[in-house]
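Since the structure comes first, as structure tokens, the remarks are kept for the end.
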Amino acid sequence: MNKIVLTILLFCAACGTPVAISTPQVVKVYTTAAAQPWLTEASNCAAKSSVILSNVIDPAQADIAIRVGEPDKLTGLAFQIDREDLLIVTHRESPLQNLSIDQVRALFAGQGQADIQVWVFGSGEDLQQVFAREIMRGGPVTSLARLSVSPQQMSDTLNAEKNAVGLLGRHWKTGTVREVFSLPGQPVLAITAAEPQGAVIEILACLQK
């Protein structure tokens with residue numbers, strides 16, 4: 001009888017012992033459309049660190065904002081996690097061949113062949129900002145340019161339209177399109193509003209490997 005009572009008492013004592021349960025940290029991440037391939041890498045990093053990654057659509061709410069190229073005005077701290085090539089891409093049957101930077105600039109300014117249809121992104125997109133700064137050098141894009149709402153749409157258009165020419169990051173180049181110009185090595189940046197702490201440091205360190 002005593003042995004039975006002792007066993008019950010020990011069991012109850014164990015039940016009363018508080019168990020420490022660690023709460024996973026949540027890291028909010030924003031990615032531009034061009035930088036979406038790096039969201040997968042961030043998710044893999046979070047899984048390794050037992051961190052919950054939350055994808056947000058407002059960069060102001062993010063612990064980490066990932067983009068291609070340097071912003072015109074940087075607020076916060078920027079950490080380079082990779083590099084991306086900016087490509088000028090055409091349909092595989094396009095008459096356009098390899099272009100110099102001056103020829104690209106003239107083409108997108110509307111001084112190229114009349115039957116070539118130029119495609120660009122909105123001025124707020126990071127890849128378009130790199131293009132405007134590094135290739136157009138502040139010069140205007142033709143008013144006849146058509147606007148693509150996403151890298152996926154741009155890729156689909158360039159694969160389908162024989163006379164189309166546009167810009168893509170190398171990670172978005174798919175199908176049988178041809179690149180006729182390349183601006184290599186644009187930085188992929190992870191930007192934080194303040195000095196990173198805790199799980200944010202872990203994610204950044206993993207992305208930089």
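Does any residue of segment 62-81 turn out to be outside any strand (DSSP E or B), more than 16 Å from ALA34 (Cβ to Cβ), acidic (Asp, Glu) and in contact with a strand residue (DSSP E or B) (Cβ under 8 Å, 6 or more places away or on another chain)?
Within segment 62-81, one or more residues are outside any strand (DSSP E or B), more than 16 Å from ALA34 (Cβ to Cβ), acidic (Asp, Glu) and in contact with a strand residue (DSSP E or B) (Cβ under 8 Å, 6 or more places away or on another chain).
Taking VAL118, is it more than 16 Å from GLY169 (Cβ to Cβ), of a type in the set (A, V, I, L, M, F, W, C) and assigned to a strand (DSSP E or B)?
yes
Across segment 182-209, what is the number of residues that are farther than 30 Å from VAL165 by Cα and touching an Asp or Glu at 6+ places or on another chain (Cβ under 7 Å)?
Within segment 182-209, residues that are farther than 30 Å from VAL165 by Cα and touching an Asp or Glu at 6+ places or on another chain (Cβ under 7 Å) number 3.
Does ALA205 satisfy the condition of being open to solvent by 40 Å² or more (accessible area, probe 1.4 Å) and either over 30 Å from GLY76 (Cβ atoms) or touching a Ser or Thr at 6+ places or on another chain (Cβ under 8 Å) (or both)?
no
Kindly indicate whether LYS173 is open to solvent by 30 Å² or more (accessible area, probe 1.4 Å), within 24 Å of ARG83 (Cα to Cα), charged (D, E, K, R) and without any contact (Cβ under 8 Å) to a residue 24 or more places away in the chain.
no
I'd like the full set of residues that are polar (S, T, N, Q), open to solvent by less than 40 Å² (accessible area, probe 1.4 Å) and part of a helix (DSSP H, G or I), limited to segment 144-162.
If the condition is that a residue be polar (S, T, N, Q), open to solvent by less than 40 Å² (accessible area, probe 1.4 Å) and part of a helix (DSSP H, G or I), then SER155, THR157 are the ones that fit.
Starting from segment 179-199, keep only residues that are at positive phi, then list their pairs with residues that are in a strand (DSSP E or B) and open to solvent by 30 Å² or more (accessible area, probe 1.4 Å) whose Cβ atoms are within a distance under 9 Å, requiring at least 6 positions of separation or different chains.
Hits for this filter: GLY185/ARG83; GLY185/ASP85.
Here are some conditions: (1) out of contact with any Pro (no Cβ under 7 Å at 6 or more places or on another chain); (2) closer than 25 Å to GLY198 by Cα. SER50 meets all but one. Which one does it not meet?
Tallying (1) out of contact with any Pro (no Cβ under 7 Å at 6 or more places or on another chain); (2) closer than 25 Å to GLY198 by Cα, SER50 fails exactly one: (1).
Kindly indicate the residue of segment 25-48 that is touching a strand residue (DSSP E or B) at 6+ places or on another chain (Cβ under 8 Å) and in a loop (DSSP other than H, G, I, E, B) and also farthest from PRO59 (Cα to Cα) among those meeting that condition.
Across segment 25-48, the extreme among qualifying residues is GLN25.
Between VAL141, VAL165, VAL180, which is over 20 Å from the mean Cα position of the chain (by Cα) and either part of a loop (DSSP other than H, G, I, E, B) or not hydrophobic (A, V, I, L, M, F, W, C) (or both)?
Details: VAL165 fails: either part of a loop (DSSP other than H, G, I, E, B) or not hydrophobic (A, V, I, L, M, F, W, C) (or both); VAL180 fails: either part of a loop (DSSP other than H, G, I, E, B) or not hydrophobic (A, V, I, L, M, F, W, C) (or both).
Result: VAL141 is the single residue among VAL141, VAL165, VAL180 that is over 20 Å from the mean Cα position of the chain (by Cα) and either part of a loop (DSSP other than H, G, I, E, B) or not hydrophobic (A, V, I, L, M, F, W, C) (or both).
Working only within segment 159-184, note down all residues that are of a type in the set (A, V, I, L, M, F, W, C) and closer than 18 Å to VAL130 by Cβ.
Across segment 159-184, the qualifying residues are VAL165, LEU167, LEU168, TRP172, VAL180, PHE181, LEU183.
Residues of segment 46-103 being surrounded by 16 or more Cβ atoms within 10 Å (Cβ to Cβ), out of contact with any Gly (no Cβ under 8 Å at 6 or more places or on another chain) and acidic (Asp, Glu), which ones?
ASP63, GLU70, ASP82
If PRO71 satisfies all but one of (1) touching a helix residue (DSSP H, G or I) at 6+ places or on another chain (Cβ under 6 Å); (2) at pLDDT below 95, what's the number of the condition it fails?
It fails just one condition, (1).
Among the residues of segment 127-136, is any closer than 22 Å to GLN36 by Cβ and among the aromatic types (Phe, Trp, Tyr)?
Within segment 127-136, one or more residues are closer than 22 Å to GLN36 by Cβ and among the aromatic types (Phe, Trp, Tyr).
The values are calculated or read from the model by the stated rules, or taken from the named source; none is laboratory data. Given the structure is predicted, the values throughout are model-derived calculations rather than measurements. Because the Cβ atoms are built from the backbone with ideal geometry, glycine has one as well, and the counts that use them run over all protein chains shown. These accessible areas exclude ligands, DNA and RNA; they are computed on the full protein's heavy atoms, side chains included. Shrake-Rupley method; radii C 1.70, N 1.55, O 1.52, S 1.80 Å.
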